[in-house]
Amino acid sequence: MKALKTIGFLFFLIISGHSLAQEKNILEQLKEIAIVDQKVMIPMRDGVRLATDIYRPKIDGPVPVIFSRTPYNFNSYRDGELVTRTMQSALEAVQKGYAYVVQNERGRFFSEGEWDILGTPLTDGYDAFSWMADRPWSNGKIGTIGCSSTAEWQMAVAALNHPAHIALIPQGYGAGVGRIGNYYEQGNFYRGGAGQMLFTAWLYGTQHDPMAPKLPEGIVQEDLLRLQKFYDMAPRYPRVDWKEALSHLPVQDIIRNVDGPKGIYEEMITRKPNDPKWYEGGLFHDDMDFEKPAFWFVSWYDVASSPNLAMYNHIRANAKDPKIRDNQFLVIAPTLHCSFTRATENTIVGERSMGDARLPYNDMTYAWFDYWLKGEANNVTEEMPKVTYFTMGANKWQYSDTWPPKEAQMVTYFLDSKGNANSRLGDGKLGTTRPNRDNPDTFQYDPMDPVTSYGGNVCCTGNAVQGGAFDQQEMELREDILVYTTETLTEGVEVSGFIEAMLYLSSDVKDTDLTIKLIDVYPNGTAYNLDETIQRVRYREGYEKEVFMESGKVYEVNMTPMSTSNYFEKGHKIRIEISSSNFPRFDRNLNTGGNNYDESEGVVATNSIHHSRRYPSSVSLPIVKK
């Protein structure tokens, strides 16, 4: 046991960058087996050069390439000390017979040009593929890999169908998904037409101020290699208390209010969900072709699990080549954003134990690339399930040919009450029988006192929201949260797939939001959140237009679908919560019908949820029958 603790401590030192001797060992190992060529400035078609580090085996003959393109800092030195994260990945790839290439997007760190999140030219990826494929050390086959912003660019570039881009592994890739079916997220910027505030916090520490110093054009590699040891081009932003900062109004001034950098945020915040500018940059939209085999990774507690799953289904249904349609594989893990490899023997996500959620991700990754880039006959495409998904509650991995599993059947549960579903102490019920009478549940939504985000399917909001499953009982005491719960389950129920909700709303304001959560209620009352979504009511008829409400009229609102795989054990209950805010996961609707992003004052809305034969508010769950 003592030996194991010692090994673990040494590993911690290596990855945290505090053991210089260990770090040098990694670099020395690399130099023994690899040609290390850092700060290569690869030219794009417009003359802009992108900083690239290349690690390739010291062997005769060409090798396949694993390519990672990122907006993040991969410089080998930080604060004058060597860092090894990229080198560790490179060492492993080189040991397995690959060249490992990592490149910064234009305008990031040592790369030239102007940076625009989600708006960098698609041609940059295409030109990088051409350059690598033309090297004598390359066999002309390139695989791409990365998570989050290192994944977001892969889909749209894959749609350009470069002949050297053979296969890809996008992980936590929602920031690259623009419009897929019912989801008009435009790279996680929206959900149901409401703004996701993750970009406000993320862009504070990412966008480069146009007044920031830059290196001179045409700087040569020799100077870059010298500079990188003491100057990594990374701004050191002051820490921000985002719990407080995200509350500032108007929303468009949040970064300015904390003296943050100027940049793309000020323009992006003014765009509506179907603004033409979303279609000019690096987002994938469902009118684009996609003809590449892909191995997709999704997390249940990520910000974009539902649109990510919709993306996977879209490719399987619409790729022109049947071989491509048949070579799409998916893993859905019970983790937070990009936390796949952090799963342990007892994986805790928020407060809930998922049990052993580990998978041999490294072996799976290289088996995939070995097959597509090396042509090894390892039968990975025949032996691997199309969908590997984790069912929470049962805490086990399961397998399917489709998502949702073919055995899933939609079962509709109707909302009902005597008009007092406010809080978990109210009389809200969820059942399969449609209620006869309309006893609407009414609550006041005050945008100055919104429902606080507590846990959930989030990313990148700093200290404002902690993701994962948390007991919602205390939150459910709020009068502006409507709570609807089934009777105690007499047998276990597996819910795996997309969750659809249709709500009937009346209000005394022109526009408001509807939010919903799906909850697993334990016998002792513990109520764990599974997924959540929102719908800005002005977009209930589509994202191409805004249609405002008239006071007192009842409107049908179809919520953007949620998704999960959860086993509700015997003795548990299924619950949904409905309100009009989930802040700061989503921005607050100020209820005025105005732009929202440039407003500082809101009005209180009186919102009512109707449920009857005429107004059958409901949630439809994919129940797996086995």
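The values are calculated or read from the model by the stated rules, or taken from the named source; none is laboratory data. Since this is a predicted model, take the numbers as computed values, not measurements. With ideal geometry, Cβ positions are generated from the backbone for all residues, glycine too; neighbour counts draw on all protein chains shown. Just so you know, the surface numbers come from the protein's heavy atoms only, side chains and all, with ligands and any DNA or RNA stripped out. Shrake-Rupley method; radii C 1.70, N 1.55, O 1.52, S 1.80 Å.
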Q | Tabulated pairs, segment 181-194, first on the phi < 0 side of the Ramachandran plot, second assigned to a loop (DSSP other than H, G, I, E, B) and small (Gly, Ala, Ser), C-beta under 7 angstrom, 6+ apart or interchain | A | 185/304
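Evaluate segment 142-157: report whether one residue or more is over 25 Å from the mean Cα position of the chain (by Cα), modelled with pLDDT of 95 or more and not β-branched (Val, Ile, Thr).
no
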Q) Can you name the condition, by its number, that residue 377 falls short on among (1) within 22 Å of the chain's Cα centre (by Cα); (2) free of Cβ contacts under 8 Å to residues at least 24 places away in the same chain; (3) surrounded by fewer than 20 Cβ atoms within 10 Å (Cβ to Cβ)? A) (1)
Q. Would you pick out the residues in segment 53-91 that are farther than 19 Å from residue 25 by Cα, out of contact with any helix residue (DSSP H, G or I) (no Cβ under 8 Å at 6 or more places or on another chain) and modelled with pLDDT of 95 or more?
A. 62, 63
Q | Scan of segment 299-339 for residues that are open to solvent by 10 Å² or more (accessible area, probe 1.4 Å) and in a helix (DSSP H, G or I), ordered by number | A | 310, 313, 314, 316, 317, 318, 322, 323, 324, 325
Q) Restricting the search to segment 340-351, which residues are polar (S, T, N, Q) and either surrounded by 20 or more Cβ atoms within 10 Å (Cβ to Cβ) or closer than 16 Å to residue 168 by Cα (or both)? A) 347
Q. Could you give every pair whose Cβ atoms fall below 6 Å, whose first residue belongs to segment 207-227 and is closer than 23 Å to residue 260 by Cβ, and whose second residue is at pLDDT 85 or above and surrounded by 12 or more Cβ atoms within 10 Å (Cβ to Cβ), counting only separations of at least 6 or pairs across chains?
A. 207/261; 207/263; 207/264; 208/115; 209/261; 209/262
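Go over the candidates 265, 231 one by one and state the one that is of a type in the set (Ser, Thr, Tyr), closer than 13 Å to residue 204 by Cβ and surrounded by 14 or more Cβ atoms within 10 Å (Cβ to Cβ). Please lay out each step first, then the result.
Working: 231 fails: closer than 13 Å to residue 204 by Cβ.
After applying the criteria, what remains is 265.
Give me the residue from segment 403-458 that is among the β-branched types (Val, Ile, Thr) and free of Cβ contacts under 8 Å to residues at least 60 places away in the same chain and, out of that set, most open to solvent (accessible area, probe 1.4 Å).
433
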Q | Cross-chain or 6+ apart pairs with Cβ under 7 Å, segment 607-621 first and open to solvent by less than 10 Å² (accessible area, probe 1.4 Å), then modelled with pLDDT under 95 | A | 611/438; 612/436; 612/437; 612/438
(Q) Could you check segment 185-235 and list, in sequence order, the residues that are more than 30 Å from residue 563 (Cβ to Cβ) and of a type in the set (Val, Ile, Thr)? (A) 219, 220
Q: Give the residues of segment 23-56 that are open to solvent by 10 Å² or more (accessible area, probe 1.4 Å) and assigned to a strand (DSSP E or B), sorted by residue number.
A: 35, 36, 37, 38, 40, 41, 43, 49, 56
**Q.** Every pair of residues 6+ apart whose Cβ atoms lie under 7 Å, when the first sits in segment 97-110 and is under 21 Å from residue 232 (Cα atoms) while the second is among the basic types (Lys, Arg) and buried (at least 24 other Cβ atoms within 10 Å of the Cβ)
**A.** 103/69; 105/69
Q) What's the number of the condition residue 577 fails, among (1) assigned to a loop (DSSP other than H, G, I, E, B); (2) modelled with pLDDT of 95 or more? A) (1)
Q: Report, ordered by the first and then the second residue, all pairs with beta carbons closer than 9 Å, sequence separation of six or more or different chains, a first member in segment 112-141 that is more than 15 Å from residue 69 (Cβ to Cβ) and of a type in the set (Ser, Thr, Tyr), and a second member that is assigned to a helix (DSSP H, G or I) and open to solvent by less than 40 Å² (accessible area, probe 1.4 Å).
A: 138/132
Q. Which of the residues spanning segment 555-591 are surrounded by fewer than 17 Cβ atoms within 10 Å (Cβ to Cβ) and either out of contact with any Pro (no Cβ under 6 Å at 6 or more places or on another chain) or polar (S, T, N, Q) (or both)?
A. 556, 558, 569, 570
Q) In this structure, does residue 210 turn out to be closer than 22 Å to residue 116 by Cβ, modelled with pLDDT under 95, open to solvent by 40 Å² or more (accessible area, probe 1.4 Å) and touching a Lys or Arg at 6+ places or on another chain (Cβ under 7 Å)? A) yes
Q. Out of (1) touching a Phe, Trp or Tyr at 6+ places or on another chain (Cβ under 7 Å); (2) surrounded by fewer than 22 Cβ atoms within 10 Å (Cβ to Cβ); (3) part of a loop (DSSP other than H, G, I, E, B); (4) among the polar types (S, T, N, Q), what's the single condition that is false for residue 461?
A. (2)
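Checking the conditions here, which among 384, 364, 288 is touching a residue at least 24 places away in the same chain (Cβ under 8 Å), open to solvent by 30 Å² or more (accessible area, probe 1.4 Å) and in contact with a Phe, Trp or Tyr (Cβ under 7 Å, 6 or more places away or on another chain)?
Working: 364 fails: in contact with a Phe, Trp or Tyr (Cβ under 7 Å, 6 or more places away or on another chain); 288 fails: in contact with a Phe, Trp or Tyr (Cβ under 7 Å, 6 or more places away or on another chain).
After applying the criteria, what remains is 384.
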Q | Meets criteria (open to solvent by less than 40 Å² (accessible area, probe 1.4 Å), assigned to a loop (DSSP other than H, G, I, E, B) and of a type in the set (Phe, Trp, Tyr)) for residue 543 | A | yes
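Which residue is most open to solvent (accessible area, probe 1.4 Å), if the candidates are limited to segment 57-77 and must be of a type in the set (D, E, K, R) and not in a strand (DSSP E or B)? Don't jump to the end; show me each part of the working.
Within segment 57-77, the first condition is being of a type in the set (D, E, K, R), and the residues that meet it are 58, 60, 69.
Adding the requirement that they be not in a strand (DSSP E or B) leaves 58, 60.
Numbers: 58: 113, 60: 154 Å².
So, considering only residues that are of a type in the set (D, E, K, R) and not in a strand (DSSP E or B), the one most open to solvent (accessible area, probe 1.4 Å) is 60.
Could you tell me whether residue 510 is open to solvent by 10 Å² or more (accessible area, probe 1.4 Å), outside any loop (DSSP other than H, G, I, E, B) and not small (Gly, Ala, Ser)? If you could, list the steps in order and put the result at the bottom.
On the way: open to solvent by 10 Å² or more (accessible area, probe 1.4 Å): yes; outside any loop (DSSP other than H, G, I, E, B): no; not small (Gly, Ala, Ser): yes.
In short, no.
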Q: Please identify the pairs in which a residue from segment 467-479 that is in a loop (DSSP other than H, G, I, E, B) has its Cβ atom under 6 Å from the Cβ atom of a residue that is of a type in the set (Asp, Glu) and at pLDDT 95 or above, counting only partners at least 6 apart or on another chain.
A: 470/351
**Q.** Lone unmet requirement of (1) more than 14 Å from residue 103 (Cβ to Cβ); (2) assigned to a helix (DSSP H, G or I) for residue 166
**A.** (2)
